[in-house]
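In what follows, a single structure is set out as structure tokens and then discussed.
The values are calculated or read from the model by the stated rules, or taken from the named source; none is laboratory data. This structure is a prediction, so every number in the text was calculated from the model and none was measured. Positions of Cβ are generated from backbone atoms using ideal geometry, with glycine treated the same way; all protein chains shown enter the neighbour counts.
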Amino acid sequence: MLNCPVGLIRFYCFVILGVLALPTLSYATVVRMVTAVGVVDIRLYETSAPLTVDNFLRYANRGDYNSTFFHRSLPGFILQGGGYGMDVETNVLTTVRTLPPVINEFSLDHSNLRGTIAMAKLNDEPNSATSQWFFNLTDNSANLDYQNAGFTVFAEVMGRGMEVVDALMELPIADAGDSLSTLPLYRFPEPGEPVTSDHLVMISNLAVLPTIEVSDSDRLFNYLEELYPEYISPANAVSATVGGYYYRYYPGTNSYVATRDSTVYYLGPASDNGLLSLGDLSHMYNQAVAAGY
């Protein structure tokens, strides 16, 4: 076993353990959810759950998820939304106008693991999912993969988005009755004050981002951002290509990470602003995939 020292040398040591193929480019639809606490980018599983993704996008493209709120919070289990809204002008409670139910597409290829998003549905009715969905806050595969014919996982949180979701999970919960009995609140109303959009955990906007390339390199970049924020931050930088390099620039640390010809590179203050080859990366790529990137 290779023992790696701390700091940039550890970073260098860790990433040279294998061989990374050239980026295998594919396309993925990504939606951006703007919440009361922060932004969450979500990658959709169009190939493995096409009917479910299409169903979700129909709601999103109609604007149905704008001005909705998270209505069910079960810390350590799930955080659910997609069913109820609040008119921010009149503070009138609304419900999402549902489309016909979508056929269940659960597959063990995409289990209900932490950081995934799955469709909510009625008890003992596998094909009853409409507009509501939930974040898996932990590994729920032993339960939700086998209950009610499996809950269809159709997306995953990207980058550091789970930090926002975890912050939402920590918010206080109120019992507003019926389907709002575990209602998370951004802040509690004063005694006698009605609940308004200022109190609820609102989703102000949910929209599809321009199509982006999702490559092996991007998965690796996301993983490195999680491991080494002191060198490459903020996370979720936009990838680009120039001069044969596929790269991300991190304004917070004034640094770059790039791949070219099966090699990963770093450029920034930690390398005296010189281009530093970190070697080939198949081993770390496999680790990134295993970690859910």
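Here are the numbers for this structure:
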quantity	calculated
Scan of the range 39-62 for residues that are in contact (Cβ under 8 Å) with a residue 60 or more places away in the chain and not in a helix (DSSP H, G or I), ordered by number	Val39, Val40, Asp41, Ile42, Arg43, Leu44, Tyr45, Ser48, Ala49
Flag for Ala49 being under 16 Å from Asn205 (Cβ atoms), of a type in the set (A, V, I, L, M, F, W, C) and either within 17 Å of the chain's Cα centre (by Cα) or surrounded by fewer than 17 Cβ atoms within 10 Å (Cβ to Cβ) (or both)	no
Residue tally, condition modelled with pLDDT under 90 and buried (at least 17 other Cβ atoms within 10 Å of the Cβ), over the range 251-262	3
Meets criteria (of a type outside the set (A, V, I, L, M), assigned by TED's automatic domain parsing to the domain that holds Asp87 and assigned to a loop (DSSP other than H, G, I, E, B)) for Gly252	no
Condition check for Ser181: surrounded by 15 or more Cβ atoms within 10 Å (Cβ to Cβ) and over 16 Å from the mean Cα position of the chain (by Cα)	no
Subset tally (residues that are closer than 20 Å to Ser197 by Cα, out of contact with any Ser or Thr (no Cβ under 9 Å at 6 or more places or on another chain) and modelled with pLDDT of 95 or more) for the range 61-91	1
Single residue of Ala235, Ala240 found to be outside any loop (DSSP other than H, G, I, E, B), on the phi < 0 side of the Ramachandran plot, of a type in the set (A, V, I, L, M) and surrounded by fewer than 21 Cβ atoms within 10 Å (Cβ to Cβ)	Ala240
Strands (runs of 3 or more DSSP E) within the range 71-171 that include 2 or more residues in contact (Cβ under 8 Å) with a residue 40 or more places away in the chain and crowded, with 16+ Cβ neighbours inside 10 Å	72-74, 78-81, 84-86, 116-119, 133-136, 153-157
Check on Ser204, assigned to a helix (DSSP H, G or I) and touching a strand residue (DSSP E or B) at 6+ places or on another chain (Cβ under 8 Å)	no
